[in-house]
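A short worksheet on the structure shown next.
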Amino acid sequence: MTSPLFSPLNIGPVHVPNRIAIAPMCQYSAHDGCASDWHLQHLPMLAMSGAGLVMVEMTDVERHGRITHGCLGLYTDENERALARALAAAKAVALPGTRFGIQIAHAGRKGSAQRPWEGGLSLGPDQDPWQTVAPSAIPFDDAWPTPQELDANRLARIKSQFVEATRRAVRIGFDVIELHMAHGYLLHQFLSPLANMRQDEWSSPMRFALAVAEAVAAEVPDGIAWGARITASDWAEGGIQPADAIELGGVLAELGAAYVDVTSGGITPKIWVAVSPGYQVPFAAEIKRAIPRLVVRAVGMIVTPTQAQAVVESGQADQVAIARAVLDNPRWGWHAAEVLGAEIRRPPQYQRAAPSLWPGAALARPAG
């Protein structure tokens, strides 16, 4: 019997060899949006992890849409060339069948921030800050600057920047394009009543996010899948609830989305979330039950192979996303296959480390 975690999956027109995805993880190592030498080792490492789908980190559609000065972007020709080079390096070493996706986004009021290892706060006056934007002039937190409320012209411009970033991603050769509608960034800000307090036509929570989705969908050719990372809970009174996520997922499916990646939180720091193994999986399960035609990806402290397999085998989600676990163990997929009795093809240069050829594997990873 094939391990459920290592069974193939169709995400719309895109076939992946197993149910493991690498979640987008910001590296804060770009130069004015351009992928750097860091990405030339990081993406190939992920490409050899054993995951069927590798999602590149949040990539911003304009310079002032970045979180930090180190965030990836896809708003210039230089950005496009640099990311194309990094993706080509990853594809050159990828395990057979591995697909690659990109998450495109705009940080909105959470932009103009320090890198996490610099403190993660809003940029100071001597750190080249920029004016952030948002649906409403409400700061992200008490110590953060007030964002500028977006007018109709700027909204139209940002929508066109999502379209242009999509075109660039298609030219580069990505298989999957993901809209980031979660974690407190701009599209999530429009969706959440905690950040969107407008009184005009854009007060309707889903209107701008769906306008962007519809425009992006029109640019995605046959053979490429698109979807969205959505939030199922703001973890705060008056914020997004699972029923809102189900409604959004249903409309996205009608627009042609092949999948949703279900997460939560990020709209405000004034919350407390009890993080535990698989703590966000129930959200994914709710959406899967409500919209069975959508491929649903689960995230949130999914760490061990047996835990990941249980999510898929139980039908709570079609796919699981691994994040920090693969930073800790870049061969997570290889070792998961060992645990679950599945076969996975390794690069021929590393084949001699397979358990069938290396007795040391049993010493490195004792059974039980």
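The values are calculated or read from the model by the stated rules, or taken from the named source; none is laboratory data. Please read all numbers here as calculations on a predicted model, not as lab measurements. Here the Cβ is made from the backbone with ideal geometry for all residues, glycine too, and neighbour counts use every protein chain on show. With ligands, DNA and RNA removed, areas are computed over all heavy atoms of the protein, side chains included. Shrake-Rupley method; radii C 1.70, N 1.55, O 1.52, S 1.80 Å.
Each row is one residue, and each column tells you yes or no for (1) in a helix (DSSP H, G or I); (2) closer than 24 Å to G238 by Cα; (3) open to solvent by 40 Å² or more (accessible area, probe 1.4 Å); (4) at pLDDT below 95.
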| residue | (1), (2), (3), (4) |
| --- | --- |
| P292 | no, no, yes, no |
| V296 | no, no, no, no |
| M301 | no, no, yes, no |
| T306 | yes, no, yes, no |
| Q309 | yes, no, no, no |
| Q316 | no, no, yes, no |
Residues within segment 212-225 that are open to solvent by 10 Å² or more (accessible area, probe 1.4 Å) and part of a strand (DSSP E or B), tallied | 0
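So, of the residues in segment 1-40 that are in a strand (DSSP E or B), over 16 Å from the mean Cα position of the chain (by Cα) and not polar (S, T, N, Q), which turns out to be surrounded by the fewest Cβ atoms within 10 Å (Cβ to Cβ)?
Within segment 1-40, the subset in a strand (DSSP E or B) is 9-11, 14-16, 20-22, 31, 34.
Add one more test, that the residue is over 16 Å from the mean Cα position of the chain (by Cα), and what stays is 9-10, 14-16, 31, 34.
Remaining after also requiring not polar (S, T, N, Q): 9, 14-16, 31, 34.
Working: L9: 20, V14: 21, H15: 14, V16: 23, H31: 16, C34: 19.
This residue is H15.
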If you take the residues of segment 321-368 that are basic (K, R) and closer than 18 Å to F6 by Cβ, which of them is most open to solvent (accessible area, probe 1.4 Å)?
-> R345
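Okay, residues lined up against (1) among the basic types (K, R); (2) more than 20 Å from P24 (Cα to Cα):
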site: A253; (1), (2): no, yes
site: G256; (1), (2): no, yes
site: V260; (1), (2): no, no
site: A285; (1), (2): no, yes
site: R289; (1), (2): yes, yes
Expected single match for open to solvent by less than 40 Å² (accessible area, probe 1.4 Å) and over 17 Å from the mean Cα position of the chain (by Cα) among A94, A105 is A94
Tell me, which residue of segment 173-209 that is under 18 Å from the mean Cα position of the chain (by Cα) and open to solvent by 10 Å² or more (accessible area, probe 1.4 Å) is farthest from A47 (Cα to Cα)?
-> L191
May I ask you to verify whether A228 is assigned to a helix (DSSP H, G or I) and open to solvent by less than 40 Å² (accessible area, probe 1.4 Å)?
-> no
Those residues of segment 132-160 that are open to solvent by 60 Å² or more (accessible area, probe 1.4 Å) and assigned to a strand (DSSP E or B) come to a total of 2
C71 is checked against (1) open to solvent by 10 Å² or more (accessible area, probe 1.4 Å); (2) of a type outside the set (S, T, N, Q); (3) modelled with pLDDT of 95 or more and fails just one. What number does that condition carry?
-> (1)
Could you count how many residues in segment 108-131 are of a type in the set (D, E, K, R) and either open to solvent by 60 Å² or more (accessible area, probe 1.4 Å) or touching a strand residue (DSSP E or B) at 6+ places or on another chain (Cβ under 7 Å) (or both)?
-> 4
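Being part of a loop (DSSP other than H, G, I, E, B), open to solvent by 10 Å² or more (accessible area, probe 1.4 Å), free of Cβ contacts under 8 Å to residues at least 60 places away in the same chain and more than 26 Å from A310 (Cα to Cα) narrows it down to one residue among G278, G266, G238; which is it? If you could, list the steps in order and put the result at the bottom.
Numbers: G278 fails: more than 26 Å from A310 (Cα to Cα); G266 fails: free of Cβ contacts under 8 Å to residues at least 60 places away in the same chain.
Going through G278, G266, G238 in turn, just one is part of a loop (DSSP other than H, G, I, E, B), open to solvent by 10 Å² or more (accessible area, probe 1.4 Å), free of Cβ contacts under 8 Å to residues at least 60 places away in the same chain and more than 26 Å from A310 (Cα to Cα): G238.
Which residues, taken from segment 325-342, are in contact (Cβ under 8 Å) with a residue 24 or more places away in the chain and acidic (D, E)? First the steps, then the outcome.
In the first step, residues of segment 325-342 are kept if they are in contact (Cβ under 8 Å) with a residue 24 or more places away in the chain; the result is 326-327, 330-342.
The one that is in contact (Cβ under 8 Å) with a residue 24 or more places away in the chain and acidic (D, E): E338.
Suppose we keep only residues that are of a type in the set (D, E, K, R) and closer than 23 Å to P44 by Cβ within segment 303-348. Which one would you say is nearest to the chain's Cα centre (by Cα)?
Filtering segment 303-348 for residues of a type in the set (D, E, K, R) gives 313, 318, 324, 328, 331, 338, 343, 345-346.
Checking which are closer than 23 Å to P44 by Cβ leaves us with 324, 328, 331, 338, 343, 345-346.
On the way: R324: 13, D328: 18, R331: 20, E338: 27, E343: 27, R345: 25, R346: 25 Å.
Looking at residues that are of a type in the set (D, E, K, R) and closer than 23 Å to P44 by Cβ, I get R324.
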Taking interchain pairs and intrachain pairs at least six residues apart, which have beta carbon atoms under 7 angstrom, with the first residue in segment 23-51 and in contact (Cβ under 8 Å) with a residue 40 or more places away in the chain and the second among the aromatic types (F, W, Y) and assigned to a loop (DSSP other than H, G, I, E, B)?
-> G33/Y75
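Test T76 against the criterion of being among the hydroxyl-bearing types (S, T, Y) and within 18 Å of A169 (Cβ to Cβ), and give yes or no. It would help to see each step written out before you state the result.
On the way: among the hydroxyl-bearing types (S, T, Y): yes; within 18 Å of A169 (Cβ to Cβ): yes.
Spelling it out, T76 is indeed among the hydroxyl-bearing types (S, T, Y) and within 18 Å of A169 (Cβ to Cβ).
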